[in-house]
Amino acid sequence: ADAWHQYSPSTDWAQGGPIVEREIDQISRYETYPDYRADRFATDDYEDCHAIGPTMLIAAMRCYVSSRLGEEVDVPEELL
């Protein structure tokens, strides 16, 4: 159980950074407000993905999860 509490790729660059480098094509910051946009461009296995977040890692992890699982994810009740 402790391992799950310590795994946080959206806040820990040591965990999320390798995913960003491997999976995210572009991260940019909006000029008009302080959010970031992460992009992953289409391949044979995945569709385009664009996600927004308050930090680079949050935007990147949202994009990564969305590219793998889709825009909506059902979480079983027992995990909540």
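Readers should treat all values here as calculations from the given coordinates under stated rules, not as data from a laboratory. Just so it is clear, the structure is predicted and the values come from calculations on it, not from any experiment. Reconstructed Cβ throughout: ideal geometry from the backbone, glycine too, with neighbour counts over all protein chains shown.
Highest mean packing comes first when the peptides 6-12, 49-55, 73-79 are listed by Cβ atoms within 10 Å, giving 49-55, 6-12, 73-79.
Across the range 15-62 the C-alpha pair distances fall into 5 Å bins from zero in the proportions 5, 24, 31, 22, 12, 4, 1 percent. When each pair of different Cα atoms in the chain is counted once in the 1/r mean, what is the Kirkwood radius in angstroms, to one decimal? After inverting the mean inverse Cα-Cα distance, the result is 13.4 Å. The angle between the Cα long axis of helix 56-69 and the longest principal axis of the Cα atoms of the chain comes to about 70 degrees, rounded to the nearest 10. You can think of it this way: the chain between THR11 and ARG68 has 18.6 nm of extra reach, that is 0.36 nm per residue less the Cα-Cα gap. For the chain, the relative contact order is 23 percent, taking Cα pairs closer than 8 Å that sit 6 or more residues apart in sequence and dividing their mean separation by the residue count. Given +1 at the Cβ of Lys and Arg, -1 at the Cβ of Asp and Glu and no other charges, the dipole of the chain around its Cα centre is 360 debye to the nearest 20. Working from Cα positions, state the angle (0 to 90°, nearest 10) between the long axis of helix 13-23 and the longest principal axis of the chain. So the inclination is approximately 60 degrees.
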